[in-house]
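Accompanying notes for the structure given below.
Quick note: the coordinates plus some simple rules give every number you see, no bench work behind them. Everything numeric in this text was worked out from a predicted model, so none of it was measured. So basically every Cβ, Gly included, is an ideal-geometry build from the backbone, and we count neighbours across all protein chains shown.
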Amino acid sequence: MKHEDLNPFHSGERTAQERAGVGDVSQWAGGFVRDFLPGQHRIFHTSLPFLVFAGADDDGRVWTTILDGDEGFIQSPDPQRLTLQTQPDAADPLAGRFADGGEIGGLGIELATRRRNRFSGRIAPDADGLSIKMRQTFGNCPQYIHPRGVRRIARARNADVLRSTALSKDQIARIGQADTLFIGSGHQGDAGAASNGFDASHRGGAPGFVHVASSTRLLIPDYAGNNFFNTIGNLLCNPRIGLLFVDFQTGGLLHLSGRAKIDWSPRDAHDPEAWRMIDVEIDAVIDRPKALSLRWDRLDGRARKLRLARREQEAEHITSFYFAPVDGRPLDPFEPGQHLPIAVQIPGQSGLTERSYSLSGAAPDLSHYRLSIKREENGLMSRFLHDDLRVGDMIEALPPAGDFVLPEGEGPVILISAGVGLTPMISMLHALAETGRPTWYVHAARNGQEHAMGAEIQALTAQHSNLQRRVLFSQPSHQARAGIDFDAAGRMSASEIIELETGGDPQYLICGPKRFLADIRSGLEALRVPGDSIHVETFGPG
């Protein structure tokens, strides 16, 4: 079968990827795009109080909306389906699509933990509500998501729905304060193509990141993302777009439908982080006050001030930052593998810049958090931390979060990482050293200069008989000592991981660059490793 037949991306997405200079994304992304819901996604979606949807009405206009319901209203009877026991309101711009069935794009998102997973497929009414047959599913990184806690209230009668073809002053003001936006787009190519259908996507930024150029025109910055270019790729083929702004305090939904074009070299200085700009002409507006029975509260009250206590160079571009609490109280506990959401005020940025980094320290020590961060040339936050953050400076942090943690049980574990992907693995290695659980630490780096925390790993594995280490350098320097600094030259493969002596059926945890992660996971699956035994973590753009 030709590579083109296996490519999960359509021509518009491939054009956008090429224009952005990210190469042939399909070479590594195929392992992330599936035609069913992995077990973790099924558990995630069915725990949610709402889903975001994108689709088209009978006139071909694209809209984005939210469906909510009672506790447990989302079910997954099998890996190919989600069912929703709820009925859309008649004022919903996609009410006709839900009633008649057809193509739909969906997004499950949990703002409190910043997790999200996307899917596309066909929706149809059934006896209890709605049923969705999956076509494509994949996960997303947590960047640009503002943490919010959600609560249900008694469903009230909807207020009067407002319809227009331009934004009012009140609606412009609401958009000017918004830090969150949901985007819908769609594409129809060859009959039966997996990439056909609609996509629902999240966008976030500082309040006012969406610029209102006029009552009928919006400018939406496009930041660094997962390099799939689903939204922009769709818009290159079909300029129809649906936008949704949520009033998190009142449950109101502001739906916009229009047409978009892409500015690949934006000169608008209102957002220097934007790599591209989505220029939207508005055709229709539907304003639905109190449309949802959900309300969200910012979690800023849980943020704590942390002071940088010290910093240590770990490798050529990786530095460990040790943060201590300003108030002197013990830090919030975390599970090995979890990440820490942090926020800093970067000069020149209109608001706080938020990112999440894996905690690399030993979990029981709550006197400080250790974040081991790679400086990325195009990374706004990582550049600031490496270049400008000094001992004594302060940041804000929310409690640790994330579900990339050690699987339960006493069976063997294989920790697999490349590059800075070792950060959650180091924390896990410290925990596993104390449990006695059989563990392999397998890591790939280019050379000794880029291998972070080598001495720490070597000391841990030497002191604990349940830990074994295998480090591979793809381009070892002349000074590197085989058998001491590294164990083998070359690249890591799934077949050599399978051959490791574990004494049982291991759990595989993988973290690193997306291409590495996809290659190892697909290799393990090809060697008949059960999908439930493979756990992955990605860091976002790359």
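Residue separation of Val22 and Thr165 scaled by 0.36 nm, minus their Cα-Cα distance, works out to 47.7 nm of gained length. In the chain, excluding the sites themselves, the longest stretch lacking any of the GluC sites (Glu not before Pro) that are in a DSSP loop with at most 11 other Cβ atoms within 10 Å is 72-376. If you count Lys pairs in the chain whose Cα atoms are under 25 Å apart, skipping same-chain pairs closer than 8 places in sequence, the total is 5.
Both numbers refer to the Cα atoms of the chain; Rg and Dmax are 23.7, 74 Å.
Subtracting the Cα-Cα distance of Arg491 and Arg217 from their residue separation scaled by 0.36 nm leaves 93.7 nm.
Each part gets one Cα centre, and for region 452-507 versus region 306-330 those centres are 27 Å apart. The magnitude of the dipole of region 185-267, with charges of +1 and -1 set on the Cβ of Lys/Arg and Asp/Glu and taken from the Cα centre, is near 260 debye.
Taking only alpha carbon atoms, region 145-290 gives an Rg to Rh ratio of 0.97, where Rh is the Kirkwood radius. Across the alpha-carbon set of region 386-542, the Rg to Rh ratio works out to 0.97, Rh being the Kirkwood radius.
How compact is region 407-490 by the rule of thumb for globular proteins, expressed as Cα Rg over 2.2 N^0.38 Å? Please report the intermediate quantities before stating the final value.
On the way: Rg = 12.6 Å, N = 84, 2.2 N^0.38 = 11.8 Å.
Relative to the rule-of-thumb radius for its length, region 407-490 sits at 1.06.
Exposure proxy ranking for Phe404, Phe473, based on other Cβ atoms within 10 angstrom of each Cβ and starting from the fewest, stands as Phe404, Phe473.
What ranking do Phe198, Phe73 get, fewest neighbouring Cβ atoms within 10 angstrom at the top? Don't skip to the answer; put the middle values down first.
Working: Phe198 29, Phe73 19.
Listing Phe198, Phe73 from fewest to most nearby Cβ atoms yields Phe73, Phe198.
Panel order for Val420, Val22, by other beta carbons found within 10 Å of each beta carbon, from fewest to most: Val22, Val420.
Once the convex hull of the C-alpha atoms of region 3-297 is built, how many Å³ does it hold per residue, rounded to a whole number?
Details: hull volume 35.6 nm³, N = 295.
Residue-normalised Cα hull volume stands at 121 Å³.
Potential lengthening of the chain between Asp58 and Glu377 amounts to 110.2 nm, from the contour at 0.36 nm per residue minus the alpha-carbon distance. Find the centroid of the Cα atoms in region 398-424 and in region 182-210, then give the distance between the two in whole Å. Measuring centre to centre over Cα atoms gives 31 Å. Farthest towards the positive end of the charge dipole of region 323-473, among the residues Leu371, Pro333, Phe473, is the Cα of Phe473, using unit charges on the Cβ of Lys, Arg, Asp and Glu. Considering only His45, Leu389, Ala488, the residue lying farthest towards the positive end of the dipole of the chain is Leu389, judged by Cα position with unit charges set on Cβ.
Would you mind counting up the charge near Gly503? Only other residues with Cβ under 15 Å from its Cβ, with Lys and Arg at +1 and Asp and Glu at -1.
On the way: positive: Arg437; negative: Glu410, Glu499, Glu501, Asp505.
With Lys, Arg at +1 and Asp, Glu at -1, the net is -3.
Here's how it looks for Glu376: its modeled amide H is under 5 Å from those of Ser382, Arg383, which are all 5 or more places away or on a different chain.
How large is the helix-only mean residue ellipticity at 222 nm for the chain, computed as the sum of -39500 (n - 2.57) over DSSP H runs with n ≥ 4, divided by its residue count, in deg cm²/dmol to the nearest 500? Don't skip to the end; give the middle numbers.
Values: 12 runs with 99 residues, N = 542.
It comes out at -5000 deg cm²/dmol, rounded to the nearest 500.
For Val536, the amide hydrogen comes within under 5 Å of the amide hydrogens of Ile510, counting only partners 5 or more places away or on other chains and with H modelled in the peptide plane. Taking the longest Cα principal axis of the chain as reference, the axis of helix 454-463 is set at about 60 degrees. Rounded to the nearest Hz, the phi-derived 3J(HN,Hα) couplings of region 313-322 under the Karplus curve 6.51 cos²θ - 1.76 cosθ + 1.60 (θ = phi - 60°) are 6, 9, 7, 4, 10, 10, 10, 9, 10, 9, where x marks glycine and proline.
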